[in-house]
Amino acid sequence: ASIYTLITQGCKNSVILNYDTKLNDLCLWHQQLIGESLGKKGKGITPILSTCPRDHHSVMQLYLDGPKDKFFTFFSSLNKRSKFKVSGKMLPNSMRFLRNKKLESIIDSQCQATKNVFKVKKIPYRHFVISKNNENELGTIFTFFVLETILLANLMKVNPFDQPAVEKIKIETKRILSK
């Protein structure tokens with residue numbers, strides 16, 4: 001209901017903020033599900049995938065101060081095992097606060113800082129934290145997003161189970177290759 005309300009208010013861009021590269025495939029699948037299931041009859045939600053914190057330095061300015069036509073889904077994970085720490089040897093004095101911090105701790109802090117700024121700016125978001133990254137948990141989240149998409153399609157009055165526009169490209173490709 002919240003997402004449908006945002007759509008009716010002009011928020012038609014869904015930005016997926018992924019803070020764990022191990023979740024890339026899940027985020028790409030979510031992007032595909034939204035695009036192919038809801039983009040019909042002049043309607044739909046444009047799913048935009050952002051890899052964070054990398055995209056903090058490219059599109060975050062737009063997300064924070066650009067048009068208010070987006071809602072956000074954060075993805076992160078508790079399942080982290082990296083031993084990488086920032087060495088203090090090469091850091092300038094202004095960045096000494098990073099010394100001996102684990103890379104995951106820095107990324108988690110950037111995610112939390114982004115959510116804090118979103119709250120202040122009243123930017124709509126939700127956050128999914130994957131705790132185990134196993135078949136059961138992923139199956140649960142896949143089921144959630146499929147059901148959410150079916151419900152949104154029902155509210156938008158589109159069929160989430162077909163791809164008539166893509167089918168035209170397949171037919172045209174076959175026609176070109178059959179010459």
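The values are calculated or read from the model by the stated rules, or taken from the named source; none is laboratory data. Worth saying up front: this structure is predicted, and the values here are computed from it rather than measured. With ideal geometry, Cβ positions are generated from the backbone for all residues, glycine too; neighbour counts draw on all protein chains shown. Ligands, DNA and RNA are excluded from the accessible area calculation, which covers all protein heavy atoms including side chains. Shrake-Rupley method; radii C 1.70, N 1.55, O 1.52, S 1.80 Å.
When a 1.4 Å probe is rolled over the protein heavy atoms, the share of accessible surface on the stretch 65-172 that falls to carbon and sulfur comes to 61 percent. Note on the stretch 2-100: Cα-Cα pairs beyond 22 Å make up 45% of the total pair count. Only one residue of SER2, SER37, HIS127 has its Cα farthest out toward the positive end of the dipole of the chain, where Lys and Arg carry +1 and Asp and Glu -1 on Cβ, and that residue is HIS127. The relative contact order of the stretch 1-155, computed from alpha carbon pairs under 8 Å that lie at least 6 residues apart in sequence, is 28 percent.
Name all residues of the stretch 22-43 having a backbone nitrogen under 17 Å from the label point set 7 Å from the Cα of ALA165 along its Cα→Cβ direction, giving them as ranges. The answer is 31-43, whose backbone nitrogens lie closer than 17 Å to the label point. Assuming charge only on the beta carbon of Lys and Arg (+1) and of Asp and Glu (-1), the dipole of the chain about its Cα centre is about 540 debye to the nearest 20. In this structure the amide hydrogen of ILE130, modeled in the peptide plane, comes within under 5 Å of the amide hydrogens of SER76, SER77, LEU78, none closer than 5 places in sequence on its chain. Per residue, the chain exposes 63 Å² of accessible surface when a 1.4 Å probe is rolled over the protein heavy atoms with every protein chain present.
Rounded to 0.05, the FRET efficiency of the VAL120 and THR143 pair, given R0 = 41 Å and the Cβ-Cβ distance, is 0.75.
Out of every Cα-Cα pair in the stretch 52-99, what percent are more than 17 Å apart? I get 63 percent for the Cα pairs in the stretch 52-99 exceeding 17 Å.
Quickly estimate the mean residue ellipticity at 222 nm for the chain, helices only: each DSSP H run with n ≥ 4 gives -39500 (n - 2.57), and the total goes over all residues, rounded to 500. Display every interim value, and only then the final one.
Values: 6 runs with 83 residues, N = 179.
Helix contribution divided over all residues of the chain: -15000 deg cm²/dmol.
If R0 is taken as 25 Å, the Cβ-Cβ distance between VAL59 and THR5 corresponds to a FRET efficiency of 0.55.
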